[in-house]
Amino acid sequence: MAEHLITGEKGEDMAAFFLQKSGYEVVGRNYRSGKAEIDLIIRKNDWLIFVEVKTRSGVAFGYPESFVSPVKAALLKRAAEEYIFAVDWKGPIRFDIVSIILSRESAEIRHFEDAIP
């Protein structure tokens, strides 16, 4: 498996664990719709939250959260619409980003709520 895929998978695992420790329930992972993929689908209280996880091994090229392009955001929203219809969700939703910067000794995890308008 390519190194960036391994890094991405590790980041998604770390994000899921981090969010669960923060009181969220993970209800879906890697939901696919056409060209789009939702990394994590979580719930907390009455909210359904679609999460884009961005993992990098450093910030030389920018912080991970800055790599969510308008095209990626549009694809994420399209996949979320399909998921909402499939499960007949009637409550509030939002789009979050979890940013992870990995180093040899540690990981910096930041959760941005309502990060994609």
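Name the single residue, out of those in segment 41-61 being small (Gly, Ala, Ser) and touching a residue at least 12 places away in the same chain (Cβ under 8 Å), that is surrounded by the fewest Cβ atoms within 10 Å (Cβ to Cβ). Top of the filtered list is 58. On inspection, residue 101 does not qualify as in contact (Cβ under 8 Å) with a residue 24 or more places away in the chain, within 20 Å of residue 24 (Cα to Cα) and either surrounded by 15 or more Cβ atoms within 10 Å (Cβ to Cβ) or within 13 Å of the chain's Cα centre (by Cα) (or both). Annotation note: of 107, 15, the sole residue that is touching a residue at least 60 places away in the same chain (Cβ under 8 Å), under 11 Å from the mean Cα position of the chain (by Cα) and surrounded by 12 or more Cβ atoms within 10 Å (Cβ to Cβ) is 15. Just wondering, is there one or more residues in segment 20-27 that are over 15 Å from residue 115 (Cα atoms) and in contact (Cβ under 8 Å) with a residue 24 or more places away in the chain? Yes, because at least one residue in segment 20-27 is over 15 Å from residue 115 (Cα atoms) and in contact (Cβ under 8 Å) with a residue 24 or more places away in the chain.
Every condition in (1) over 21 Å from residue 21 (Cβ atoms); (2) over 14 Å from the mean Cα position of the chain (by Cα) is met by residue 47 except one, and the failing one is (1). At least 3 residues being of a type in the set (D, E, K, R) and either closer than 19 Å to residue 12 by Cα or in contact with a His (Cβ under 8 Å, 6 or more places away or on another chain) (or both) is the threshold, and among the strands (runs of 3 or more DSSP E) wholly inside segment 22-117 those reaching it are 25-33, 36-44, 47-56. Take residue 104 and decide whether it is out of contact with any strand residue (DSSP E or B) (no Cβ under 8 Å at 6 or more places or on another chain) and not polar (S, T, N, Q). Here the answer is yes, as residue 104 does meet what is asked. Residue under question is residue 31, and the condition is that it be in contact with a strand residue (DSSP E or B) (Cβ under 9 Å, 6 or more places away or on another chain), modelled with pLDDT of 95 or more and aromatic (Phe, Trp, Tyr); does it hold? Yes: the conditions hold for residue 31. Counting the residues of segment 67-117 that are under 15 Å from residue 34 (Cβ atoms) and among the acidic types (Asp, Glu) gives 2.
The residues of segment 48-74 that are out of contact with any Phe, Trp or Tyr (no Cβ under 6 Å at 6 or more places or on another chain) and among the basic types (Lys, Arg), listed by number, are 56, 72. Is it true that residue 70 is closer than 19 Å to residue 117 by Cβ and loosely packed, with under 14 Cβ neighbours inside 10 Å? Yes; evaluated as a whole, the condition is true for this residue.
The values are calculated or read from the model by the stated rules, or taken from the named source; none is laboratory data. Quick caveat: nothing in here was measured; it's all calculated off a predicted structure. When we count neighbours, we look across all protein chains shown, and the Cβ atoms used for this are built from the backbone with ideal geometry, even at glycine.
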